[in-house]
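The values are calculated or read from the model by the stated rules, or taken from the named source; none is laboratory data. Computed from a prediction, not measured in an experiment: that's the story for all the values here. Reconstructed Cβ throughout: ideal geometry from the backbone, glycine too, with neighbour counts over all protein chains shown.
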């Protein structure tokens, strides 16, 4: 049996007076890297929050294989194999880096020793060995981002949802992150959903891109298809014109 | 050496040192102070287990100290004395008399059971709501103790609790509490609970069942509070419900806040510091009163100084003296840095 697909169907999320997601659908298969792009406020983070149970759906559904997961608590969704990072980094600040990562493995049933070994291995893979004993709060921004990724991976997820993993990283760090992330689907057979504003990174990394604007999907496809799509050009130019 | 083990050994060593120094001096009053300090250690460390790992301020702790003290008293007051000490006692309890050591352990269990039943629905709450409910819990326990005359003698003093606690017993339990708290902190439950303390949303997104983790810590904390209360009861031999209320809560919280709630080291250091300061201030107070500098007696100096010290710590060092790293980790890191510097 093949691994289940994570699927969002016609998802609607409403905040008081605002429809943040208006019928968005998305499918993510194991081994696949899907990028979610779009102007600020287009609903990208809300979609991840909806999938992982942090916000409630006003319509539509999220399924994992045959199982409906929308309506479950974040904790239960996490235990089904969905791990995530946050747009605003959420590390355990008063705990050491290794404990941060260890926590994820523990939550998924590993023993303390095994969890520590997993944590140290992942920190090594992400080039964070030297930071293992530092407190979460004392890290640089780029390091915090990488610890969050290590922490998400320690849960050994089937699907990994990363919200702006490259934000605050310099070019060299972004390049290293690209290689780490690109290798994940093959290494671990996981499905990767990424939000980021670094278009260079997204175009090179993602197998497929989906573009959101005002809570709706305006385009989807390969990097080239998306780049040339008139609705995408308009959304981005429009938003840049608004910034200017 | 493993740094957690190092922490446990160093902190226990401090307690052993206290016992050795007290025995060597052979002064009676020091013996009393040291025993009280060890009882305080059990209580503060118990509070650290819940508060330090969950990040939720709990006022209820001293209520469970009271539960322990009364349970142990009920189990140990000799049958012939019970008629006088507790005239309205239920007949079924009149004949019961067990060894104080067994009673102290059972007192811990009883406090833990009461805590488990009372607190389960409360553990979903966070922040201010959790703090206020814990305070309500203290008030409930206090009200029960003052009114359930059959078993507590009501608001009146309960006499006749057999003396069983000496310095050695109190110190032994304190060491057990230190080892227990360090082990709990590093356990699966402890580590995940600390994760929820630092970021509830992120911990839940990892799959941590936060109310359940908190509940476990609350039960373990109540166990130590019960044991501490029983130890204290068998030390002072007579007490009333007021012993387990706001004043004691303030002192124990003060010790933990000054030392640093997030670490066992902080709990231990806080208990030593505050006890030391209290005893010196008390003697200053006595001297002042002897000199008759003022028309009235000088009282309450200790509480005022503790309050000021708490305020100072909260302003200058909000996490307390040991805010995030245990003494074992501090030393291990210092040693590693030195080695790196030499190489």
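Here are the numbers for this structure:
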read-out: Output for the range B:229-262, where each listed residue is in a helix (DSSP H, G or I) and either within 14 Å of another protein chain (Cβ to nearest Cβ) or under 14 Å from residue B:181 (Cα atoms) (or both); value: B:256
read-out: Subset tally (residues that are more than 20 Å from residue B:210 (Cα to Cα) and exposed (fewer than 14 other Cβ atoms within 10 Å of the Cβ)) for the range B:119-139; value: 1
read-out: Qualifying position, being part of a helix (DSSP H, G or I), within 14 Å of chain A (Cβ to nearest Cβ) and out of contact with any strand residue (DSSP E or B) (no Cβ under 7 Å at 6 or more places or on another chain), among B:312, B:332; value: B:332
read-out: Matching entry among A:84, A:75 (being within 21 Å of residue A:167 (Cα to Cα) and within 11 Å of another protein chain (Cβ to nearest Cβ)); value: A:84
read-out: Selected residue (criterion: modelled with the lowest pLDDT) from residues of the range A:224-235 that are in contact with a strand residue (DSSP E or B) (Cβ under 6 Å, 6 or more places away or on another chain) and within 14 Å of residue A:199 (Cβ to Cβ); value: A:235
read-out: Unique match (being farther than 24 Å from residue A:142 by Cα, more than 8 Å from chain B (Cβ to nearest Cβ) and in contact with a helix residue (DSSP H, G or I) (Cβ under 8 Å, 6 or more places away or on another chain)) among A:89, A:101, A:55; value: A:55
read-out: Which listed residue is farther than 27 Å from residue B:323 by Cβ, under 19 Å from the mean Cα position of the chain (by Cα) and crowded, with 23+ Cβ neighbours inside 10 Å, from B:105, B:60, B:110, B:116; value: B:110
read-out: Number of the exception - residue A:133 against (1) outside any helix (DSSP H, G or I); (2) away from chain B (no Cβ under 13 Å); value: (2)
read-out: Residues of the range A:74-86 classified as assigned to a loop (DSSP other than H, G, I, E, B), in contact with a helix residue (DSSP H, G or I) (Cβ under 8 Å, 6 or more places away or on another chain) and surrounded by fewer than 24 Cβ atoms within 10 Å (Cβ to Cβ), total; value: 1
read-out: Yes/no for residue A:152 being at pLDDT below 95, within 13 Å of chain B (Cβ to nearest Cβ), crowded, with 20+ Cβ neighbours inside 10 Å and in contact with a helix residue (DSSP H, G or I) (Cβ under 8 Å, 6 or more places away or on another chain); value: no
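Listed here are the residues, each with its yes/no results for (1) more than 14 Å from chain B (Cβ to nearest Cβ); (2) farther than 26 Å from residue A:65 by Cα; (3) in contact (Cβ under 8 Å) with a residue 40 or more places away in the chain.
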| residue | (1), (2), (3) |
| --- | --- |
| A:118 | no, yes, no |
| A:127 | yes, yes, yes |
| A:140 | yes, yes, no |
| A:166 | yes, yes, no |
| A:169 | yes, yes, no |
| A:173 | yes, yes, no |
| A:181 | yes, no, yes |
